[in-house]
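The values are calculated or read from the model by the stated rules, or taken from the named source; none is laboratory data. Fair warning: this is a prediction, and the values are worked out from it, not measured in the lab. Neighbour counts run over all protein chains shown; Cβ positions are idealised from the backbone, glycine included. Surface accessibility is based on the protein's heavy atoms, side chains included, excluding ligands, DNA and RNA. Shrake-Rupley method; radii C 1.70, N 1.55, O 1.52, S 1.80 Å.
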Amino acid sequence: MNDASVAQRRSAADLLPSGDGGAKRRMRAISPSRLAIHATLLFAAALYLVPLVVMLLTSIKTPEDIRTGNLLSWPETFTLIGWVKAWSVVDGYFWNSVKIAIPAVLISTAVGALNGYVLSMWRFRGSQLFFGLLLFGCFLPFQTVLLPASFTLGKLGLANTTAGLVLVHVVYGIAFTTLFFRNYYVTVPDALVRAARLDGAGFFTIFGRILLPMSVPIIMVCLIWQFTQIWNDFLFGVVFASGDAQPITVALNNLVNTSTGAKEYNVDMAAAMIAGLPTLLVYIVAGKYFLRGLTAGAVKG
Amino acid sequence: MATLELRNVNKSYGSGLADTLKNIELSIDSGEFLILVGPSGCGKSTLMNCIAGLESISGGAILVDGADISGMSPKDRDIAMVFQSYALYPTMNVRDNIAFGLKMRKMAPAAIDEEVARVAKLLQIEHLLQRKPGQLSGGQQQRVAMGRALARRPKIYLFDEPLSNLDAKLRVEMRTEIKLMHQRLKTTTVYVTHDQIEAMTLGDKVAVMKDGIIQQFGTPQQIYNDPANLFVASFIGSPPMNFIPVRLQRRDGQCWAVLSSSLGVAGQARCELPLGELEAGMDNRDLILGIRPEQIQLAADDGAEAPSICAEVEVTEPTGPDTLVFVNLNQTKVCCRLAPDMTPQVGSTLSLRFEPSRVLLFDAQSGERLLAKKRQATDNKVAQLKRG
């Protein structure tokens, strides 16, 4: 219905300037203001891309090349030695991060979906207060939960384990995922759940058969958000993991901050890019689904 | 096929809040079509949700075929509902939407296919079975929503304002189709609407509600001809009933209502309507006379005895099937429904005739209907309902 009205408005706008109006429109396409907008946007894009370009160029240079040239100079000799060396350093830590991020993302998204479903469709006495308190969790800074969390992990026997780090990320992420799903499900008409109840569906059947299939866009939002948060996390990683269990962000920090020997900027840059690649990949893959989900979910009576 | 009986049903959302439903009593026979009608906020949808089991009741009992179902969960009540927003499952195609309730009831796949085919044929939606709800027009979605209810063959159908999202033309078409469907299937039906035309045309029985109370329960004809109070009289009928403030005169052993038009000199600008004998003390009360627009006619020269009055035409509205003429009686605008070929000039004078037996009298304060003693015998039912 929204699409239709937009299309109508658009077609009405197309119809209005008839005859020489069409010529005017073509004139406007290359007007100075439009040029200015495009120039500004291109400039902003370039500005944001410069650091990435610098990292990429530096990572494929030899150390001598880095010393003699400047940040944006083209490499004299193209080499992947930085990448190979970087991978040999972060290899184990990269998989640590994968082992932390994937279960934590999946569990927190699943729990958030179930929470959101209950808080929007099966309201109980005090559910608004419950949701309010949960929201409060979104505003808690990481630092404030460090001590209580490490105390709890110690009691549970999960200190310095990957499982412990997963638990911390899940608990911290539930506030956000619940918020996402709850706000998505309040826009779903109650009548759907009522109809399903009369059709004989129970609590989990309604969730699994009716609501989850409608939730692709918000699941994608949740996955992107949680993966970015957990993959990029440094503080929890450095506090709750040690030695070989550390995530890649901590390993990267250790690599860059080593003060012995000559600084190998090409290795640093390559390692930083390896650490950043998975989030980039998630945006590229899930972002596509996200857009598709948005347009497919537009069903209205 | 089932009877439905509501016994003293109450619903409230908390001790501090006003009751949403108050002492609802009604019962319908197997195969009857019950309309719940009233303005928004009157509790009609709440009552329907209580029957469906989507909301619990605070007191009373709901009986289907004599068995109390008020403690059962919705899925065990064997009731199907068509929602105002249709509530089709957006990710399932039409076939799966219709089949969902059957699958939940563990029906065999072959039997489900057969049932879906039967319903699709009945509603002429066979060509739409593979489509998603988003690819259907409003009217088609409406049909699918009905199909989903029909497929289960429940004891009772509930319709919650099913036509209010359709455009005017489609609404009239679907109204006829729902009536046709009911005549064919003869399933007990409860239908919520705020549209008094739907209430009049579809229902075997009508319950007019306001503020959580049933104002009147009866056949459409009873509701239309013998409204229990001012609210029912004003809610049912389009154009609405005229309400003219009157004073009474007592003469010859009965009461007379006096009407006067603003017309000064020419013709008869005053008339008295005999109302039969009323209780003493009525003379000084503020009373309201109710006359439906079609019950005011042009006075013919056939020497009929009905009282008549001359009044000046203020506005005419030709609607097509008839012409609405507005005159002023007792300082109140009064609508008369005349034949379409009658198009009196504005400012001209009309001689209008009333049928005294069709005129209703209401108490202005309480809004209750007042009945003349000689007519009380025939209207006993109305009086009973009014008291209830």
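Quick check for you: with a 1.4 Å probe and neighbouring chains kept, what is the accessible area per residue of segment B:242-374, in Å²?
Details: 6520 Å² over 133 residues.
Here the residues of segment B:242-374 average 49 Å² of exposed surface.
Tell me, how many Å apart are the Cα centres for segment B:229-250 and for segment A:221-269?
Cα centres, segment B:229-250 to segment A:221-269: 81 Å.
Using just the helices of chain B, give the 222 nm mean residue ellipticity in deg cm²/dmol: DSSP H runs with n ≥ 4 each add -39,500 (n - 2.57), and the total is spread over all residues, rounded to 500.
Numbers: 10 runs with 98 residues, N = 388.
Counting only the DSSP helices, I get -7500 deg cm²/dmol.
Given a 10 angstrom Cα cut-off, can you work out which residue in B:Asp29, B:Asp252, B:Asp96 is the most mobile in a GNM of chain B?
Its mean-square fluctuation being the largest, the pick is B:Asp252.
Given the C-alpha centroids of segment B:195-210 and segment A:28-96, what is the distance between them in whole angstrom?
Centre-to-centre (Cα) distance: 73 Å.
At a 1.4 Å probe radius, which order do B:Trp256, A:Trp87 fall into by accessible area, largest first?
A:Trp87, B:Trp256
For chain B, give me the percentage of DSSP beta bridges that are antiparallel, rounded to the nearest 5 percent. Don't skip to the end; give the middle numbers.
Numbers: 59 of 77 bridges.
Just about 75 percent of them are antiparallel.
With only Lys, Arg, Asp and Glu charged, each at its Cβ (+1 for the first two, -1 for the last two), find how big the charge dipole of segment B:4-235 is about the Cα centre; round to the nearest 20 debye. Don't skip to the end; give the middle numbers.
Details: 27 positive and 25 negative charges, 147 e Å.
Around 700 debye, computed over segment B:4-235.
Roughly how many Å is it from the Cα centre of segment B:325-365 to that of segment B:51-130, as a whole number?
49
Just reorder B:Ile98, A:Ile102 by solvent-accessible area, largest first, 1.4 Å probe, all chains present.
Values: B:Ile98 0, A:Ile102 90 Å².
The ranking, largest first, comes out as A:Ile102, B:Ile98.
How much accessible surface area, in Å² rounded to 10, belongs to the heavy atoms of A:Thr144 with a 1.4 Å probe?
So the heavy atoms of A:Thr144 present about 80 Å² to solvent.
Carbon and sulfur: what percent of segment B:1-114's accessible surface (1.4 Å probe)? Display every interim value, and only then the final one.
On the way: 2230 of 4600 Å².
Using a 1.4 Å probe with all protein chains present, segment B:1-114 comes out at 48 percent carbon and sulfur.
Considering every residue in B:96-102, what mean count of other chain Cβ atoms within 10 Å of its Cβ is obtained?
Numbers: counts 1, 2, 0, 1, 8, 6, 2.
Counting Cβ atoms of other protein chains within 10 Å of each residue's Cβ and averaging gives 3.
Top to bottom by accessible area (1.4 Å), largest first, where do B:Glu115, A:Glu64 land?
Numbers: B:Glu115 15, A:Glu64 105 Å².
Solvent-accessible surface, decreasing: A:Glu64, B:Glu115.
I'd like the FRET efficiency for B:Thr176 and B:Gln124, computed as 1/(1 + (r/R0)^6) with the beta carbon distance as r and R0 of 22 Å, rounded to 0.05. Don't skip to the answer; put the middle values down first.
Values: r = 14 Å, r/R0 = 0.64.
Efficiency, rounded to the nearest 0.05: 0.95.
Pick out which of B:Gln249, B:Gln215, B:Gln196 has the largest mean-square fluctuation in a Gaussian network model of chain B, springs linking Cα atoms closer than 10 Å.
Of B:Gln249, B:Gln215, B:Gln196, the most mobile in the Gaussian network model is B:Gln249.
Tilt of helix B:109-123 relative to the longest C-alpha principal axis of chain B, in degrees (0 to 90, nearest 10)?
30
Please give me the summed charge of the neighbours of A:Arg209: other residues whose Cβ is under 13 Å from its Cβ, Lys and Arg +1, Asp and Glu -1. Please list the in-between numbers first.
On the way: positive: A:Arg197, B:Lys103; negative: A:Asp199, B:Asp96.
Neighbour charge sum, excluding A:Arg209 itself: 0.
Quick one: accessible surface of A:Phe78, probe radius 1.4 Å, all protein chains present, in square angstrom to the nearest 10.
Probe radius 1.4 Å; accessible area of A:Phe78 about 140 Å².
At 1.4 Å probe size, what's the solvent-accessible area of B:Glu32? Round to the nearest 10 Å².
30
In deg cm²/dmol and to the nearest 500, what is the mean residue ellipticity at 222 nm of chain A if only DSSP H runs of at least 4 residues count, each as -39500 (n - 2.57), divided by the residue total?
On the way: 13 runs with 222 residues, N = 301.
When only DSSP H runs of four or more count, the value is -24500 deg cm²/dmol.
How big is the B-A contact in terms of buried accessible area, both chains counted, 1.4 Å probe, rounded to the nearest 100 Å²? Write out the running numbers ahead of the final one.
Details: alone 18090 and 18640 Å², together 34750 Å².
Between B and A, the summed buried area is about 2000 Å².
Could you tell me the calculated FRET efficiency between A:Asp91 and B:Glu114, based on Cβ-Cβ distance and R0 = 60 angstrom, to the nearest 0.05? Could the numbers behind the result be given before it?
Numbers: r = 61 Å, r/R0 = 1.01.
It comes out at approximately 0.50.
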